[in-house]
Amino acid sequence: MLLAVNPNRMELLRLKRRLALAKRGYKLLKDKRDALIQKFIKIVQENLKTREEFDKKMRENINLFLVSTLAMTNNEQNAIFQFPQRDIKVKVIHQNIMSVNVPHYEMTDEGNPYPYGFIQTSPELDIAIKKYKDLIPLMLKMAELDKAVLLLTEEIEKTRRRVNALEYVMIPNLEDTIKFITMKLDEMARSSSSALMRIKEIIRGE
């Protein structure tokens, strides 16, 4: 589609500069899109691997916890976990990945993870709680990767739309308009040459 411009040399020079800038922008955005996709695939693979590890450990921990509490009543279980002595805090730090601010979670763990006496409980319960404690970093990592996947997906889509707009709309429109103006200027130049030749012929005839 032709742009609404005046077909003159100043406009032609301006459009050529715009075209050169659009082509540079297109290349940069295309490179960014490709790099984002590569990073996205890597994070998705890491996310799947982390989830598989978490699911496996969670199943093992659930079985171990059930076994460790078989000899305990519900009241006994509620009593030993009624007053937790552990304090977990999560700090959010943002990392820049290809101009995308992705959160990174850092955990601080304070206090006693065993809010009960060791005499009235089984060693299996201690092990199960320890294993559940070790699952928290995996949970944070999954949350971090999930958010990274979401943010990168949005950035890839936004970059893809910009690349397509440049490739299929702006650059073709500029090229067509430059071609049109060039043809118009050539036509005007030929008309001027013909007019000059006629004027010269008239002068010579006099």
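The values are calculated or read from the model by the stated rules, or taken from the named source; none is laboratory data. Computed from a predicted structure; not experimentally measured. Positions of Cβ are generated from backbone atoms using ideal geometry, with glycine treated the same way; all protein chains shown enter the neighbour counts.
Computed quantities for the displayed model
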item: The one condition in (1) farther than 30 Å from Arg33 by Cα; (2) at pLDDT 75 or above that Gln85 fails to fulfil; result: (2)
item: Leu64 being out of contact with any Phe, Trp or Tyr (no Cβ under 9 Å at 6 or more places or on another chain), touching a residue at least 40 places away in the same chain (Cβ under 8 Å), of a type outside the set (Val, Ile, Thr) and under 26 Å from Met98 (Cβ atoms); result: no
item: Tally of residues being over 17 Å from Lys57 (Cβ atoms) and modelled with pLDDT of 80 or more across the stretch 108-143; result: 1
item: Index of the failed condition, Asn47 passing every other in (1) under 27 Å from Lys131 (Cβ atoms); (2) of a type outside the set (Asp, Glu); (3) outside any helix (DSSP H, G or I); result: (3)
item: Of all residues in the stretch 23-71 being farther than 30 Å from Pro172 by Cβ and aromatic (Phe, Trp, Tyr), the one that is modelled with the highest pLDDT; result: Phe54
